[in-house]
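The values are calculated or read from the model by the stated rules, or taken from the named source; none is laboratory data. The structure displayed is predicted, hence computed values, not measured ones. Quick reminder, even Gly has a Cβ in these numbers, built from the backbone with ideal geometry, and neighbours come from all protein chains shown. The accessibility values were calculated without ligands, DNA or RNA, using every heavy atom of the protein model including side chains. Shrake-Rupley method; radii C 1.70, N 1.55, O 1.52, S 1.80 Å.
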Amino acid sequence: SWTVEGSADKMREDFAGWDPKVLKMVPSTLKWKLMSRAPLDTWVHSTGKVALLGDACHPMLPYRAQGAAMAIEDGAVLGNLFSYITHRSQIAPLLHAYETLRLPRATLVQASARLNQKIFHMADGPEQVSRDDSMRQAMKGEFAFGNPNQWADKQKSRELFGYDADKAVDDYWSERGEKEIGWMAEKGKL
């Protein structure tokens, strides 16, 4: 729930030592859970009339800071796909196209966030020392590919930040969509 009241006193206790003027500006708090789940098999209802997007289908912990970005990408893909619609018979196939385009990417980003959770919360020991060493190398510009620190891995950053929803839809439409879905409007299939 996004409306469960928290304790302002507990919040002030947690932030003891902060500027009291700032703490007084917060008269109440809400409890806010961070959620994650295993990837879903499908985002589109069997009727083809409803699809999930954003946290409804791929909630992720903030270890890659991509939850909102994934929802925006979902919306961009849906909007771009629906720009091709000319008949209601195309709705279900377009929703399935959205799932085809988005589910693999969102699943990879979810896995990346889970990996960072593991990487950032290692217990002290040899694995943690190795992680710290690789992070130090990355700060010096070394070990830029395959680095366990995903933020320093240039290839992973390109994959994460280089996604183009417009291009993904345009490529899909020219390679498959027009042939598989575009004809439906011409035939008037209901």
| note | accessible surface per residue for the chain, probe 1.4 Å, DNA/RNA/ligands not counted, whole Å² -> 64
| field | Length gained when the stretch ASP164-PHE82 is fully extended (0.36 nm per residue, less Cα-Cα span) | value | 27.9 nm
| request: Obtain the nm distance between the two label points defined at HIS121 and LYS154 by a simple spin-label model: each point lies 7 Å from its Cα along the Cα-to-C-beta direction. | output: 3.2
| task | Rank these residues by their accessible area, most exposed first, probe 1.4 Å: ARG88, ARG176, ARG12, ARG131. | result | ARG88, ARG176, ARG12, ARG131
| remark: Relative contact order as a percentage, region 74-190, C-alpha pairs under 8 Å and 6+ apart, gives 37
| query | Which helices, taking whole DSSP H runs in the chain, have alpha carbons extending 24 angstrom or more along the helix axis plus mean Kyte-Doolittle at least 1.6? | reply | none
| field | Counting all C-alpha pairs of region 124-164, share separated by more than 16 Å (%) | value | 37
| said: I need the phi-derived Karplus couplings for region 50-56: 6.51 cos²θ - 1.76 cosθ + 1.60, θ = phi - 60°, integer Hz, Gly and Pro marked x. | reply: 9, 9, 8, 8, x, 4, 5
| Whole-Hz couplings from phi, Karplus 6.51/-1.76/1.60, listed for region 22-27; x for Gly and Pro | 5, 5, 5, 6, 10, x
| remark: Here the averaged projected area of the chain, based on the convex hull of its alpha-carbon atoms and given in nm², is 15.7
| Portion, in percent, of the accessible area of region 33-190 that falls on carbon or sulfur, probe 1.4 Å | 58
| query | Between THR42 and TRP2, what is the FRET efficiency for a Förster distance of 25 Å, r being their Cβ-Cβ separation, to the nearest 0.05? | reply | 0.45
